[in-house]
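Undergrad: Mind looking over this structure? Questions follow.
The values are calculated or read from the model by the stated rules, or taken from the named source; none is laboratory data. Keep in mind it's a predicted model, so treat the numbers as computed, not measured. Here the Cβ is made from the backbone with ideal geometry for all residues, glycine too, and neighbour counts use every protein chain on show.
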Amino acid sequence: MKYLIHLSIAAAALAAVSCGGKKTSGENKTETPAERPNPADTMLYKGETHFKNVRRITFKGDNAEAYWSWDSKSLVFQANNEDWGTQCDQIFIYNLADSNLKTMKPQMVSTGMGRTTCSYFMPGDSLVVYASTHEADKNCPEVPERKEGRYVWPIYDTYDIYIADLEGNIRRNITNRKGYDAEATVSPKGDKIVFTSDRSGDLELYTCDLDGGNVKQITHDLGYDGGAFFSPDGSKLVFRASRPKTPEDIKEYKDLLKQGLVEPGAMELFVVNVDGTGLRQVTNLGKANWCPFYHPDGKRIVFGSNHHAGEGRKGFKFNLFMINEDGTGLEQISFDDTFDAFPMFSPDGKYIVWESNRFNGDTHDTNIFIAEWKEK
């Protein structure tokens, strides 16, 4: 779920559970010319050498978890934008060939009711999969208050996972049960969906066929497992997870889960084979490491993290990092002082999309950016 995460304003970036996590605004900041690498690429900060020809796709509101179509020509994403008539997150599609994205309203492919999260194109680009609460209540569900000043994610037990066409017609509810089912993404092989569910009593990863059949539990350890994506060859899953260890942490996690809540302040990245074997931890950085996605080479992982930030308000800024699957070679990718998250490489490997608070005119808007990807 987005909305793509309030330990502080930037942790709102972690605010409603999402495929990648939740997104929201980070600390506002007005850029200075010295922080830009050159006048030709005004959406960059110094040090962002992997990005070229950055293009801003949205210009207002809360936009997050933008994911590519299979032909690398469109994006499906969730957004809350008063100009588009939303009360909470709904699912939209942009065709990147459209020249007037700044002024046009994108195509809504969700129902316009309830709250939605975690959308993804199905093979062939004529259908999308996403989670929604609309069957339980057409109104937006309540957002939980912070617990003793700490930020928490709602795990709505009214989320089900749906497949819909690009005109917004729902074709199938593939989970259809009382309980949390969300955060669905699709294998590049076009044969499996991975999602997060509480059907075991804990928040675990599951896979199923494209029609919702053949459900298999993949993870089993106590803690929240979510935001999973397949490797380019479909053989592995990378995901974020909390792992409470002490009796106090375990009790706190279980008590919050009974209330339909998760605290996302401490998460690390893990990789597991798609059959559930070979689970291994990738990061051990502390704080919140999340929204991971495999590099096209299948050996590196790009993700969002605030592990490098200091304490206080700036302790909640998030940047993009890249790391080898074995946990070595950590490299910082983005360098603004606010919020970057939800990275995804295009299927053709030429582009990267992510969401950021950069250059938002001192608002709390979170917008979608794409760039050509450059290897060093």
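Undergrad: Can you name the residue in the stretch 319-349 that is charged (D, E, K, R) and assigned to a strand (DSSP E or B) and is also nearest to P292 (Cα to Cα) among such residues? Outline the logic, then answer.
TA: Taking the stretch 319-349 first, the residues charged (D, E, K, R) are 325-326, 331, 336-337, 340, 348.
Now drop any that are not assigned to a strand (DSSP E or B), which leaves 331, 340.
Values: E331: 14, D340: 12 Å.
Ranking the candidates gives D340 first.
Undergrad: Right, here's the next one. Do we have any residue at all in the stretch 159-168 that's among the hydroxyl-bearing types (S, T, Y) and not in a loop (DSSP other than H, G, I, E, B)? Can you show your working first?
TA: Residues of the stretch 159-168 among the hydroxyl-bearing types (S, T, Y): 159, 162.
Imposing the further condition that a residue be not in a loop (DSSP other than H, G, I, E, B) reduces the set to 162.
Looking through the stretch 159-168, at least one residue is among the hydroxyl-bearing types (S, T, Y) and not in a loop (DSSP other than H, G, I, E, B).
Undergrad: Let me ask something else. Against the condition buried (at least 17 other Cβ atoms within 10 Å of the Cβ) and over 20 Å from the mean Cα position of the chain (by Cα), how does G212 come out, does it pass?
TA: Values: buried (at least 17 other Cβ atoms within 10 Å of the Cβ): yes; over 20 Å from the mean Cα position of the chain (by Cα): yes.
When the stated conditions are applied, G212 passes them.
Undergrad: Shifting gears a bit: State which residue is surrounded by the fewest Cβ atoms within 10 Å (Cβ to Cβ) when the search covers only the stretch 99-108 and only residues that are assigned to a loop (DSSP other than H, G, I, E, B) and in contact with a helix residue (DSSP H, G or I) (Cβ under 9 Å, 6 or more places away or on another chain).
TA: K105
Undergrad: Identify, by number, the condition in (1) farther than 28 Å from F92 by Cβ; (2) surrounded by 15 or more Cβ atoms within 10 Å (Cβ to Cβ); (3) at pLDDT 95 or above; (4) not aliphatic (A, V, I, L, M) that S334 doesn't meet.
TA: Among (1) farther than 28 Å from F92 by Cβ; (2) surrounded by 15 or more Cβ atoms within 10 Å (Cβ to Cβ); (3) at pLDDT 95 or above; (4) not aliphatic (A, V, I, L, M), the lone unmet condition for S334 is (1).
Undergrad: Return the residues of the stretch 350-368 that are in a strand (DSSP E or B) and farther than 18 Å from M322 by Cα; say none if nothing qualifies.
TA: Correct list: T366, N367, I368.
Undergrad: Tell me whether the stretch 251-266 contains one or more residues that are of a type in the set (G, A, S) and part of a strand (DSSP E or B).
TA: no
Undergrad: Within the stretch 267-286, track down each residue that is among the charged types (D, E, K, R) and either modelled with pLDDT under 95 or assigned to a strand (DSSP E or B) (or both).
TA: Selection gives E268, R280.
Undergrad: Give G223, G179 a once-over and let me know the one that is under 21 Å from the mean Cα position of the chain (by Cα), closer than 24 Å to A266 by Cβ and at pLDDT 95 or above.
TA: Working: G179 fails: closer than 24 Å to A266 by Cβ.
Result of the check over G223, G179: G223.
Undergrad: Which is assigned to a strand (DSSP E or B), modelled with pLDDT of 95 or more and not aromatic (F, W, Y), of T196, T111?
TA: Every option except T196 fails the conditions.
Undergrad: Could you list, ordered by first residue, the pairs with Cβ atoms under 8 Å in which the first is in the stretch 35-50 and on the phi > 0 side of the Ramachandran plot and the second is modelled with pLDDT of 65 or more and among the aromatic types (F, W, Y), at least 6 apart or interchain?
TA: Hits for this filter: G47/F335.
Undergrad: Of the conditions (1) in contact with a strand residue (DSSP E or B) (Cβ under 6 Å, 6 or more places away or on another chain); (2) surrounded by fewer than 24 Cβ atoms within 10 Å (Cβ to Cβ); (3) not in a loop (DSSP other than H, G, I, E, B), D83 fails just one. Which one is it?
TA: Result: D83 passes all but (1).
Undergrad: For the stretch 308-326, what are the residues that are surrounded by fewer than 24 Cβ atoms within 10 Å (Cβ to Cβ), at pLDDT below 95 and of a type outside the set (G, A, S)?
TA: The answer is H308, E311, R313, K314.
Undergrad: Of everything in the stretch 323-376, what is of a type in the set (K, R), closer than 18 Å to K46 by Cβ and touching a strand residue (DSSP E or B) at 6+ places or on another chain (Cβ under 8 Å)? Give them in sequence order.
TA: If the condition is that a residue be of a type in the set (K, R), closer than 18 Å to K46 by Cβ and touching a strand residue (DSSP E or B) at 6+ places or on another chain (Cβ under 8 Å), then R358, K374 are the ones that fit.
Undergrad: Next question. Quick test for you: out of D98, D89, D83, pick the one residue that is of a type in the set (D, E) and either within 21 Å of the chain's Cα centre (by Cα) or over 24 Å from S356 (Cα atoms) (or both).
TA: D89
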